[in-house]
1. What number, rounded to the nearest 500 deg cm²/dmol, is the helix-based mean residue ellipticity at 222 nm of the chain, given -39500 (n - 2.57) per DSSP H run of at least four residues and division by all its residues?
2. Which ³J(HN,Hα) values in Hz, rounded to whole numbers, follow from the phi angles of segment 80-89 under the Karplus curve 6.51 cos²θ - 1.76 cosθ + 1.60, where θ = phi - 60° and Gly and Pro get x?
3. Please report the accessible area of ASP63 (heavy atoms, 1.4 Å probe, ligands and nucleic acids excluded) in Å², nearest 10.
4. Could you give the length gained on full extension between ASP302 and MET255, defined as 0.36 nm per residue of separation minus the Cα-Cα distance, in nm?
5. For the chain, with the dipole built from +1 on Lys and Arg beta-carbon atoms and -1 on Asp and Glu ones, taken about the Cα centre, which of VAL67, LEU229, ILE40 lies farthest toward the positive end?
6. Give me the percent of the accessible area of the chain that comes from carbon and sulfur atoms, probe 1.4 Å, all protein chains in place.
7. Rounding to the nearest 20 debye, state how big the charge dipole of segment 36-80 is about its Cα centre with +1 on each Lys and Arg Cβ and -1 on each Asp and Glu Cβ.
8. Using 1/(1 + (r/R0)^6) with R0 = 45 angstrom and r between the beta carbons of ARG340 and GLU55, what's the FRET efficiency to the nearest 0.05?
Amino acid sequence: MPSKILVTGGLGYIGSHTSVELIQQGFEIIIVDDLSNSSIEVLDGIKKITGVSPEFVKLNLRDKKEVNRLFEACPDLSGIIHFAAHKAVGESIDQPLKYYQNNIGSLINLLQAIESMRKRFSFIFSSSCTVYGQADKLPITEKAPIKKAESPYGNTKQIGEEILYDSTRSNRLIKVISLRYFNPIGGHPSIEIGELPKGKPQNLVPFITQTAAGIHKNLNVFGNDYPTLDGTCIRDYIHVVDLAEAHVSGLKRMMANEQNDNFEVFNLGTGKGKSVLEVIKIFEKVSGVNLNYEIVERRPGDIVEAYADTTKANKVLRWKAKNDLGEALKTAWEWEKKLRNI
Ligand code: NAD
Ligand code: WQD
């Protein structure tokens, strides 16, 4: 019986791009999503790109009975890529229990269902560079200390990693790779799938593309008095397709029993830090659109500078981000234009 991979949150932004990559690399997948932050049309996008209509189950992972039923119905599952989570930092500060219940509750339901399967399982967890907070040294390696979380959302990533680590110690059946994403941006070059933020975007790149499309009058740049070259914050923006490829590399590593430890962590970024003003400049160049922007107050909680040391992922996963910022911004803009019929 060929093994199958469960992709939770597979209709979401990163999950849909990873589903495409998995199918293109020959994996059979089942997508689970409750559509709380995605739309069923994403399935058509995946089909248009790959020619394959993946199995889809609409399911809320907080429902333990439903999760158990899913695993019982799919005895050939051997791996999970777990994207499903709520991810709005600000909302998590206002509604912490919603975040703990969804992000931690879903993870525990999955792990308990895996335990009851009594077979080896490969598990990839969507973690975040947010676990490092403002790191003391740059670029940030996986050895950098975990800082006290700035938000309940960030805390769910830290707790999630701890739960997974403990599970690999108590239960020799589960193997885990936790991927700490830096700032994922862009969309698939086919322009069939991309980022679909609900409501007003909080993240820089969707706000830029929506401003360029005329949805917002101007972009607020949060502070230009930081101790950086041009005074604006620095991040490591990584093309979502590069990110997707890293998941497949991680999965293959686990399936080939190549792990040094049953719990491994990797940073996923480009290794290059770019300031907010640099992102704006590059966007203007690749899109040909002049952006209206205004320097405003700092955004509370923003860290000054974060970019990844990707040496470990480059060596161990034999993976490297191929696309530069311009390439990623170009796809983000093409996707926005398609959404707005521009
Ligand atoms: P997303 O919101 O686009 O995708 C998450 C998907 O999970 C959505 O389709 C949503 O409907 C689904 N979902 C949420 N709760 C669910 C539940 N209880 N049951 C079933 N489905 C559920 O988010 P994304 O940007 O694709 O992020 C994917 C993962 O990566 C998340 O875990 C997120 O925390 C993490 N991450 C994202 C970023 C980023 O900037 N996008 C950065 C670091 C880490
Ligand atoms: C990038 C830069 C802003 C919007 C968030 C989460 C983090 C992680 C990644 C999941 C910052 C500036 C932004 C705007 C701006 N997600 N900015 N005007 O802050 O690195 O992290 O996404 O794990 O947890 O907190 O990303 O895209 O929000 O901001 O000037 O309208 O752009 O101040 O310097 P961030 P971001």
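1. On the way: 12 runs with 132 residues, N = 342.
About -11500 deg cm²/dmol.
2. With the stated coefficients, segment 80-89 comes to 9, 10, 9, 9, 4, 5, 7, 9, 8, 4 Hz.
3. 70 Å²
4. Values: separation 47, 0.36 × 47 = 16.92 nm, distance 3.78 nm.
Extra length from ASP302 to MET255 when fully extended: 13.1 nm.
5. VAL67
6. The C+S portion of the solvent-accessible surface of the chain is 49 percent.
7. Values: 7 positive and 7 negative charges, 27 e Å.
With Lys and Arg at +1 and Asp and Glu at -1, about 120 debye.
8. 0.90
The values are calculated or read from the model by the stated rules, or taken from the named source; none is laboratory data. What you are looking at is a predicted structure, and each value in this text was computed from that prediction instead of being measured. Glycine also receives a Cβ, built like all others from the backbone with ideal geometry; neighbour counts cover every protein chain displayed. Note: accessible area is taken over every heavy atom of the protein model, side chains too, but ligands, DNA and RNA are not part of it. Shrake-Rupley method; radii C 1.70, N 1.55, O 1.52, S 1.80 Å.
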